[in-house]
Amino acid sequence: MKTAFVTGVTSGFGKAFALRLAKLGYRLIVTGRRADRLEALAEQIVQTYNVEIQTLCFDVRNQIACQKAIESLPDKFKYIDLLVNNAGLAAGASPFQESDMDDYERMIDTNVKGLLYVTKLIVPGMIARNKGQIVNISSIAGIEVYPNGSAYCASKHAVNAITKGLRIDLLKHNIRVGSISPGMVETEFSIVRYHGDQDKAKAVYAGIVPLNAEDIADALEFMVTRPEHVSINDIQINPSQQANTYLVNRI
Ligand code: NDP
Ligand code: 8X3
């Protein structure tokens, strides 16, 4: 049985990833900051799929908390075959000159530094076993830069650089490294981005059929079910009504 470690499962893609990987038979380690949601998801997964699951409640921005959480894993959860770095967010959407530095710090600390902290702790075990797979959740924002998105786009460009760097450095250790780069997906993402403003969040998806978390779980399933000799480097996936980060056909 393979073991997967998925960050940010209390909502959105992460929750869909955890459910999908459980369906595929993975033993799971699932993380997030909202303990009540973590425990509810773990219970749902055990009841539905009868796989072993371990919850870890911590903030990926806190390096010591990452270390303590991962070191606390019971032995049978220590051999991680698949790491999905999903926890992340956008905070704010305004021109650089009007943006809030706290928002910038939240995005860089979560999307970039948090991903580095978690990966740094899990990669040594993969190297020791000479096998593993890492999937980083990037974004179309890692490929294009759009108005009012400089720091979020920077954070996802950084995720892409880290993904490529890991692929190079871990090549000789038989570890596959790839990413998923979605466009617009309706989750709690825009509610978080607009600091809880539901109307602004809804307006993001007005007149389009956005992707949903299941669509992104389909992409993850494709990546993790390829044979060992196949490495999917990136899947870029958009709603049919989205051409790029700023051209959307709203009907
Ligand atoms: P959600 O807001 O629905 O989920 C985000 C998840 O990340 C939550 O489980 C949250 O858990 C977790 N998280 C956020 N900050 C932290 C933190 N500091 N420590 C630990 N966990 C954290 O958004 P999505 O599912 O849409 O986003 C998932 C990933 O997908 C992100 O990296 C995002 O940038 C990316 N993405 C999203 C797109 C979209 O349009 N929705 C498109 C492209 C990429 P908790 O709050 O409990 O800690
Ligand atoms: C989230 C999607 O379009 O805001 O990464 O970059 S977008």
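The residue pairs whose first member lies in the range 118-129 and is under 16 Å from S72 (Cα atoms), whose second member is open to solvent by 60 Å² or more (accessible area, probe 1.4 Å) and outside any helix (DSSP H, G or I), and whose beta carbons are closer than 7 Å, counting only pairs six or more residues apart or on different chains, are G125/K78; G125/Y79. Output the residues belonging to the range 152-169 that are hydrophobic (A, V, I, L, M, F, W, C) and open to solvent by 10 Å² or more (accessible area, probe 1.4 Å). Across the range 152-169, the qualifying residues are A154, A158, A161, I162, L166, I168. Restricting attention to the range 170-187 and to residues that are open to solvent by 40 Å² or more (accessible area, probe 1.4 Å) and out of contact with any helix residue (DSSP H, G or I) (no Cβ under 6 Å at 6 or more places or on another chain), the residue that is nearest to ligand 2 (Cβ to nearest atom) turns out to be E186.
Give the residues of the range 20-34 that are surrounded by fewer than 22 Cβ atoms within 10 Å (Cβ to Cβ) and either farther than 24 Å from A90 by Cβ or in contact with a Pro (Cβ under 7 Å, 6 or more places away or on another chain) (or both), sorted by residue number. Answer for the range 20-34, where residues must be surrounded by fewer than 22 Cβ atoms within 10 Å (Cβ to Cβ) and either farther than 24 Å from A90 by Cβ or in contact with a Pro (Cβ under 7 Å, 6 or more places away or on another chain) (or both): K23, L24, G25, R27. Flag: Y194 does not match the condition of being modelled with pLDDT under 95, aromatic (F, W, Y) and over 15 Å from the mean Cα position of the chain (by Cα). No other residue among V112, V118, V123 is open to solvent by less than 10 Å² (accessible area, probe 1.4 Å) and either within 17 Å of A65 (Cα to Cα) or in contact with a Gly (Cβ under 9 Å, 6 or more places away or on another chain) (or both) apart from V118.
Scanning the range 130-151 for residues that are under 19 Å from G178 (Cβ atoms), away from ligand 2 (no atom under 11 Å from the Cβ) and either of a type in the set (G, A, S) or open to solvent by less than 10 Å² (accessible area, probe 1.4 Å) (or both) yields G132, I134, V135, N136. In the range 72-99, which residue that is assigned to a helix (DSSP H, G or I) and touching a residue at least 40 places away in the same chain (Cβ under 8 Å) is least open to solvent (accessible area, probe 1.4 Å)? Top of the filtered list is F77.
Residues in the range 29-60 that are within 15 Å of the chain's Cα centre (by Cα) and part of a strand (DSSP E or B) were compared, and the one that is nearest to ligand 2 (Cβ to nearest atom) is G32.
The values are calculated or read from the model by the stated rules, or taken from the named source; none is laboratory data. Computed from a prediction, not measured in an experiment: that's the story for all the values here. Methodologically, a virtual Cβ is constructed for each residue, glycine included, from the backbone with ideal geometry; neighbour enumeration extends over all protein chains shown. When the accessible area is computed, the model is the full protein with side chains, heavy atoms only, and any ligands, DNA or RNA have been set aside. Shrake-Rupley method; radii C 1.70, N 1.55, O 1.52, S 1.80 Å.
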